[in-house]
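Please read the structure below before turning to the comments.
The values are calculated or read from the model by the stated rules, or taken from the named source; none is laboratory data. Everything quoted here is computed from the prediction, not taken from an experiment. With ideal geometry, Cβ positions are generated from the backbone for all residues, glycine too; neighbour counts draw on all protein chains shown. Keep in mind that these areas ignore ligands, DNA and RNA; they rest on the heavy atoms of the full protein, side chains included. Shrake-Rupley method; radii C 1.70, N 1.55, O 1.52, S 1.80 Å.
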Amino acid sequence: MNRIFLALALLLSCLSERTHAQTEEVPKSLDEQIALVRKLRPALKILHIAAHPDDENTRLISWLSKGESVEVAYLSLTRGDGGQNLIGPELGYDLGVIRSFELAEARKIDGGVQFFTRAIDFGYSKNPEESLEYWGKDSVLSDVVRVIRTFKPDFIITRFPTDGRGGHGHHTASALLAEEAFDLASNPDAFPEQLVGLSPHSATGLYWNNSPWWDKTLAEQAKSRPNEVLELEVGTFDPLSGRSCNELASMSRSMHKSQGFGIPLTRGAMKEYLIFKKGKQEFRNALERSQTSLTSDRMLVDLERSVRLGQTENALKLVFEIKAQLPPELRYRADLLAAGICGLYTELSCESSEVVWGEKAKFTMTAMLRQKIDLQLETVQLLGKSTNPNQMLEANQTWTDTLRMAVNGELNSPSWLEMPDGRLFRRPATTRVRAIDPASVQAVFRFRYGLEVFEIHSPAVYRWTDRVEGERSKPLAVTPAATLSFDRSFVYSGGQEVELPIEVLCRSASFHGNLRFKVPEGWSVNPAFVPVDSDRAGSIQRFTIRLKPLAGVASSDAGAELTAFWDPTGDKVLSESSIDYPHIPFQYIFRPARLGLRSFELETCKGTVGYVEGAGDEVAEALGLLGFRVEVLTDEQLAQADLSQFSAIVAGIRAYNTRDALVENESRLMEYVRNGGTYLVQYNTNGSDLKQAKIGPEASMSIGRDRVSVETATPRLVDPRHPFLNQPNAIGSLDFENWVQERGLYFASEWDRDYQALISWQDPGEPPRLGGLLLRPYGKGVFVYTGISFFRQLPEGVPGACRLMANLLCSEL
């Protein structure tokens with residue numbers, strides 16, 4: 001498999017970025033064609049910069065792109081890997097995949113282009129210094145400069161201020177980096193390695209997209225200082241889409257579903273404000289000149305008229321005249337427009353939805369001309385091979401050809417996940433700022449119209465017919481020959497031998513390999529070697545291996561892991577997961593098959609834990625791996641079951657944001673506590689979707705926004721002798737080592753005198769935070785609220801967090 005990744009790296013290094021083409025397709029309707037006409041020669045280009053997916057101002061992007069026909073791009077420093085997920089259990093890198101595709105879908109609606117840097121979102125940061133130190137300032141700064149030199153904007157607009165009012169340290173860092181990159185991008189001595197293929201670029205001006213949320217006096221400032229504070233009306237109507245720019249912005253914003261950002265469609269007047277920061281105060285004049293160019297560029301005006309009137313041959317003539325004058329990175333747009341004007345349909349379909357890398361598959365290439373013009377299909381290139389039809393296409397007649405050939409495209413997996421190092425995604429320079437990978441396999445159709453040629457790229461798809469939905473399609477997936485899966489997120493051993501079931505899915509019709517397992521010093525694995533033999537595609541082979549720490553209870557090193565590889569090649573075996581939500585494309589994720597090994601002292605208790613799932617986490621599964629018996633509770637069980645059968649009930653993250661049944665059955669849950677039960681509520685957000693303002697016995701506690709974001713923050717045990725810190729596990733300082741991303745979030749802000757705070761901790765320069773772990777005796781039982789990020793720690797098997805959670809579920813007052 002290492003050879004595969006080497007081949008992929010070489011392939012990627014040879015690809016042009018074509019970043020503008022990420023969300024653009026052949027325009028099908030007349031309105032889509034006219035919109036593309038106006039983007040052939042953009043008179044103005046604007047780069048919008050912020051920190052995360054969902055930070056962008058979709059109102060500004062939609063208005064600039066759709067209302068003003070400006071070329072606009074959004075640069076997000078990160079892919080949102082460190083956030084929370086409202087629609088499923090994916091966190092970390094997998095969440096970053098979801099949010100990357102959500103951004104791509106949002107740009108399809110608002111018309112923008114998407115870029116990223118290599119920075120990995122490591123969660124909430126309270127100041128920019130921490131963020132820049134973590135990523136390595138020069139690395140991320142170089143990526144921002146690269147985007148400027150690639151996109152070549154006339155103006156740069158930041159979303160956040162540099163003074164910290166944006167809250168999140170990543171937000172402030174994005175503004176600081178933008179200001180510095182604005183100066184450096186034009187300097188040939190800055191990051192000179194980029195000047196192979198790129199050139200220095202000087203943007204005209206830098207502005208900050210301020211908001212009345214920060215400053216209520218903006219309207220007055222715009223009147224008194226109109227050159228420095230620009231007031232823009234962004235609620236204009238876009239006749240090509242039939243919607244106002246505000247409606248398009250709302251639709252774009254609502255694509256951020258994993259963050260729960262669905263909003264109603266907004267219509268009517270809306271103001272946005274730009275504050276001049278650097279360069280020249282030329283934004284308003286440049287915007288006016290851009291609008292003038294749309295009506296003064298005679299070729300574009302004539303082309304739009306010809307497209308509207310259906311004058312196909314004249315429109316094509318003008319397209320190719322304009323194409324000859326375009327910079328190379330924009331000529332693909334002329335090709336897309338030419339195909340749209342011709343009514344061209346091209347397709348590359350495969351006989352199956354998945355193809356094993358290196359194996360042969362049957363592909364069908366299809367082209368259809370739906371206008372009566374003289375158009376020749378010259379060649380079709382696929383996977384390094386070329387067919388040469390050299391055939392004039394007849395109107396409404398289908399040309400097809402088939403090829404059976406070995407597939408050597410990229411694996412169908414996000415390339416930025418191949419080599420993350422925890423701080424930056426390590427990517428080749430040519431693909432460093434690209435948002436979404438191109439299709440693994442695609443055909444390049446080359447057409448000739450008179451003396452002019454143009455190309456259309458068609459990604460490989462699999463098509464089928466559903467009796468209800470009709471014709472359906474999905475992108476072709478290129479997969480490994482075999483993948484390995486575990487039934488858990490980590491292995492826990494309290495010094496005893498543990499059996500680990502594994503499955504190997506063989507996608508190849510004939511696969512023979514030797515599977516070997518490597519464990520760190522201090523662990524044994526038996527057997528260490530397993531032969532895998534399959535003569536049938538899709539077969540699953542199941543094995544059980546046994547793992548044991550050699551010295552009884554091993555150290556609590558959170559980095560110990562088992563790794564699988566193919567012997568004797570040494571290539572790492574890949575595991576497989578998938579992202580499947582209706583609002584984004586289906587996506588496989590292939591990564592090296594690794595599994596954390598954890599061995600530490602842990603005492604648990606008997607009984608069954610009832611788990612109320614919230615927005616999605618893997619805490620229930622982790623509790624099962626630690627030896628707890630867990631039952632996931634339905635709404636019906638919350639309303640009708642005998643809750644006394646549970647030794648403890650745990651509410652998952654954001655359960656009070658997502659589960660009406662918790663509020664409807666609050667009295668039953670409090671009665672359960674009064675009768676001797678333990679009810680533990682994990683963090684909830686205190687936004688508008690919080691279903692009740694106060695929770696706990698007698699509505700005695702409110703949720704705030706305090707958090708401790710530094711995962712190494714020193715804890716202070718308020719009462720070290722408290723039973724919950726000693727039974728059944730004695731909690732000490734070592735239990736707070738090797739935590740991931742943060743200590744906790746959305747701590748309680750107010751609580752009555754009956755609560756007891758167990759832990760105090762704080763971020764640098766801040767006062768102690770006591771609301772991260774509170775308990776309130778109530779009747780014979782206890783209510784617990786915790787903002788501690790158990791949802792991150794437990795699935796990683798962090799020893800101290802596991803021991804602390806066991807105490808919260810097992811201790812008695």
Could you tally the net charge around Trp761, taking each other residue with its Cβ under 12 Å from the Cβ of Trp761, Lys/Arg +1 and Asp/Glu -1?
-1
In degrees from 0 to 90, rounded to the nearest 10, what is the angle of the helix 283-296 Cα long axis to the longest principal axis of the chain?
40
Accessible surface, per residue, of the chain when the full set of protein chains is kept, probe 1.4 Å, Å²
41
Note down the nm distance, to one decimal, between modelled labels 7 Å out along Cα→Cβ at Gln325 and at Glu228.
4.0
Can you flag which of Lys223/Lys278; Lys28/Lys66; Lys66/Lys278; Lys518/Lys606 are past 23 Å Cα-Cα?
Lys66/Lys278; Lys518/Lys606
Determine the relative contact order of the chain: mean sequence separation of Cα pairs under 8 Å and six or more apart, normalised by residue count, in whole percent.
10
For the residue pair Arg721 and His512, what label-to-label distance in nm results when each label sits 7 Å from Cα along the Cα-to-beta-carbon direction?
7.1
Once Lys and Arg get +1 and Asp and Glu get -1 on their Cβ, which of Leu411, Val307, Gly676 lies farthest toward the positive end of the dipole of the chain?
Val307
Check: C-alpha center region 34-73 vs C-alpha center region 292-369, spacing in Å is 21
What is the distance in Å between the Cα centres of region 472-534 and region 212-231?
60
Expected sort for 278-284, 521-527 on mean C-beta neighbours within 10 Å, highest first, is 278-284, 521-527
Fraction of alpha-carbon pairs over 23 Å apart in region 276-389 - percent:
53
Taking K and R as +1 and D and E as -1, what net charge do the other residues with C-beta under 11 Å from the C-beta of Gly779 add up to?
+2
Distant alpha-carbon pairs in region 597-730 (separation over 21 angstrom), percent:
50
Order these peptides, 222-233, 787-798, 327-338, 416-427, by their mean beta-carbon neighbour count within 10 angstrom, highest first.
787-798, 327-338, 416-427, 222-233
To the nearest 10 degrees, the tilt of helix 298-309 (Cα long axis) against the first principal axis of the alpha carbons of the chain is 80
Percent RCO, i.e. relative contact order, over region 340-456, from Cα pairs under 8 Å lying at least 6 residues apart:
28
Extension gain Leu383-Asp31, at 0.36 nm per residue separation less the Cα-Cα distance, in nm?
123.3 nm
At 10 °C and 1.306 mPa s, grab the translational diffusion coefficient of region 625-685 from Stokes-Einstein with a Kirkwood Rh over Cα pairs, rounded to a whole number in µm² per second.
131
Percent of Cα-Cα pairs per 5 Å bin, from 0 to the last occupied bin, for region 582-658, please list those.
3, 11, 18, 17, 17, 13, 10, 7, 3
Along each principal axis of its Cα atoms, how long is region 438-485 end to end? Whole angstroms, biggest number first, please.
54, 33, 14
May I ask you to list the lysines whose Cα is less than 26 Å away from that of Lys691, ignoring any residue fewer than eight positions away on the same chain?
Lys257
Rounded tilt (10° steps) of 137-151 against the dominant C-alpha axis of the chain
30
Would you please put 28-41, 738-751 in order of how densely packed they are, using the mean number of other Cβ atoms within 10 angstrom per residue and starting with the highest?
738-751, 28-41
Treating only the Cβ atoms of Lys and Arg (+1) and Asp and Glu (-1) as charged, compute the dipole magnitude of the chain about its Cα centre; round to the nearest 20 debye.
1120
Expressed as a percent, the accessible surface of the chain that is carbon or sulfur, using a 1.4 Å probe and the full set of protein chains, is 48
In the chain, what percentage of the DSSP-assigned beta bridges are antiparallel, given to the nearest 5?
70
I'd like to know how the chain sits against the 2.2 N^0.38 Å rule of thumb: what's its Cα Rg over that expected value?
1.04
If I stretch the segment between Gln640 and Asp189 completely, what's the gain in nm (0.36 nm per residue apart, minus their alpha carbon distance), one decimal?
155.3 nm
Lys and Arg at +1, Asp and Glu at -1: add these up for the other residues within a Cβ distance under 12 Å of Gln371 and post the number.
-1
Report the semi-axes of the equivalent ellipsoid for region 434-562 in whole Å, largest first, where each axis is √(5λ) for an eigenvalue λ of the Cα gyration tensor.
46, 19, 15
Per-residue ellipticity at 222 nm for the chain, helices alone: DSSP H runs ≥ 4 residues times -39500 (n - 2.57), over residue total, nearest 500 deg cm²/dmol?
-7000 deg cm²/dmol
Counting alpha carbon pairs within less than 8 Å and at least 6 residues apart, what relative contact order, in whole percent, applies to region 545-678?
21
Evaluate E = 1/(1 + (r/R0)^6) for Ser293 and Arg404, where r is the Cβ-Cβ distance and R0 equals 56 Å; express this FRET efficiency to the nearest 0.05.
0.65
